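All remarks here apply to the structure that follows.
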Amino acid sequence: MNPGKLHYGWIVIFMGMLTTIAAHGFGRMAYTIMLPAMKDGLKFDYTQLGLLGTGNFVGYLTMAIIGGFLAARFGTRIVITLALILLGITLMLTGLAQSFGFALCMRFLTGLGNGAAYVPAMALGSAWFAMNRRGFATGIVSGGIGAGTLISGLLVPPILSAYGVEGWRTAWYILGGIALVIAAVVLALIRSRPDEKGLLPVGTSEKDAPPAVPAGPKVSTLQWSTVYRKGSVWYLGLVYFFYGSSYIIYMTFFAAYLVKEIGLTQAYAGGLWAMVGALSTFCGVIWGGISDRLGRSRGAALAYFVLGLSYIIYALIKAPFGFYLSAILFGLTAWSIPTIMAAAAGDFVGPRLAPAGLGFITLFFGIGQAVAPAFGGYLADLSGSFTLPFLVAGGISLAGMVASLFLKKSAV
């Protein structure tokens, strides 16, 4: 390889970033800013709106697990492309919702596309980069979540203003169309592994090259069993659970809290959400680099601490200072845990099984985020305020900090 030439791994990583813009940024984060308008348009209560979030995350959980193994067997490129097509179509169909049942179905199907695209994309860093660069590379991919959140925060509020009470429908149509365009670009440029281009992972020299593996994409069932037979992988999943069951309460009800409880405008909530997106675009790179240097355990513990502070501040300081401080802390840390967990999955099971490993630990993450939105919505309806749900999220995050400190080190 010519040393002066751009390694194709960087192109792949930026295709992963495009994937997460659509999968997470549009498939999940856009719902936060759309929620107040959908509440008015469809006359749903917060428990129903929380259940829509739960339906999305059940779909995500289902395909996050299966999608990781499918990517390990059939290749990342085909799995991500098909997933993005499903996601784009169901985002557009969400705009046609007239009933709770149909809306729930579409959010579930969007979740399927989200999970099947996101998990293989987040594992690209383990396949294309050496261990001491995995956190940084995975951070670039996770930057798409922030970029997608930023795009949603800037794009959706003007659409809602222009089209009134039904503007959320148009917003879903537009986001779905953009996701389909991204699917076409990703299909053209992404590749599953370096050997498809006759390359070694970025940061790997010839003398450090791993032993040759068969060129075919298939991974045997016996190899898959090495993923779920490792106790350290199960514990990694437990650590990930605390993130899934805490951050999603904050994200789901972020805008509804400002608009419905505090009485601020949709534009204010959208602007603050856009700021979160802008800040979080770089947080994966920052925290991935921190975990490369400090280790996955201490990096995750520090990230959980900052996240917990952001939730507690949002609940207790009901003033612009508190809202902005919380949003800044969360934005700078939002995708830290997924980035660290994706890199750690590669550390524990190796680059070839990284999608399967990440898919497996996502089971724990997904259980937390599938249950938490409905539970948070129930607490809000019960107490008449979002203070309690946000405080609960803060407590869960601090528990995750403690669990992270006992995470074992691995080197694969």
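If R0 is taken as 56 Å, the Cβ-Cβ distance between Q98 and L199 corresponds to a FRET efficiency of 0.65. Sorted largest first, the principal axis extents computed over the alpha-carbon atoms of the chain equal 62, 42, 40 Å.
Scaling against 2.2 N^0.38 Å puts the C-alpha radius of gyration of region 35-136 at 1.26. Here the sum of -39500 (n - 2.57) over DSSP H runs of 4 or more residues, divided by the residues of the chain, equals -25500 deg cm²/dmol at 222 nm, to the nearest 500. Computed packing ranks the peptides 141-147, 359-365 as 141-147, 359-365, most packed first, by mean other Cβ atoms within 10 Å.
Computed over region 294-400, the range of Cα coordinates on each principal axis works out to 48, 28, 18 Å, biggest value leading.
Peptides 183-191, 108-116, 367-375 ranked from most to least packed, by the mean per-residue count of other Cβ atoms within 10 Å: 108-116, 367-375, 183-191.
Reported to the nearest whole Å, the Cα centre-to-centre distance from region 308-353 to region 70-145 is 19.
Once the Kirkwood radius over Cα pairs is known for region 79-190, the Stokes-Einstein relation at 37 °C and 0.692 mPa s delivers a diffusion coefficient of 216 µm²/s.
The angle between the Cα long axis of helix 283-294 and the longest principal axis of the Cα atoms of the chain comes to about 50 degrees, rounded to the nearest 10. To the nearest 10 degrees, how steep is helix 30-42 against the longest Cα principal axis of the chain, on a 0 to 90 scale? Roughly 30 degrees between the two axes. Label positions at L189 and I66, each projected 7 Å from the Cα along the C-beta direction, are separated by 3.0 nm. Straight-line reach from K318: taking Cα to Cα under 14 Å and skipping same-chain neighbours fewer than 8 places apart, the aspartates and glutamates in range are E261. Both the radius of gyration and Dmax for region 124-193 are 16.4, 50 Å, in that order, over alpha-carbon atoms.
Restricting the calculation to Cα atoms, every distinct pair contributes to the Kirkwood radius of region 339-410, found to be 14.1 Å.
Would you mind calculating the relative contact order of the chain from Cα pairs under 8 angstrom and at least 6 residues apart, reporting the percent as a whole number? Once divided by the residue count of the chain, the mean separation gives 27 percent.
With springs connecting C-alpha atoms under 10 Å apart, model the chain as a Gaussian network and identify which of A303, A23, A37 has the largest mean-square fluctuation. In this elastic network of the chain, the residue with the biggest mean-square fluctuation among A303, A23, A37 is A37.
The magnitude of the dipole of the chain, with charges of +1 and -1 set on the Cβ of Lys/Arg and Asp/Glu and taken from the Cα centre, is near 860 debye.
Amide hydrogen proximity for F129: with H placed 1.01 Å from N in the peptide plane, the residues at 5 or more positions away or on another chain lying under 5 Å are V202. Note on region 1-77: along the principal axes its Cα atoms extend 60, 27, 12 Å, ordered by decreasing extent. Working from Cα positions, state the angle (0 to 90°, nearest 10) between the long axis of helix 336-349 and the longest principal axis of the chain. The two axes meet at around 30 degrees.
Bear in mind that the values in this text are calculations on the coordinates, not laboratory data. In this text, all values refer to a predicted model and were calculated from it rather than measured experimentally. Using ideal geometry, Cβ is built from the backbone for each residue, glycine included, and neighbour counts are taken over all protein chains shown.
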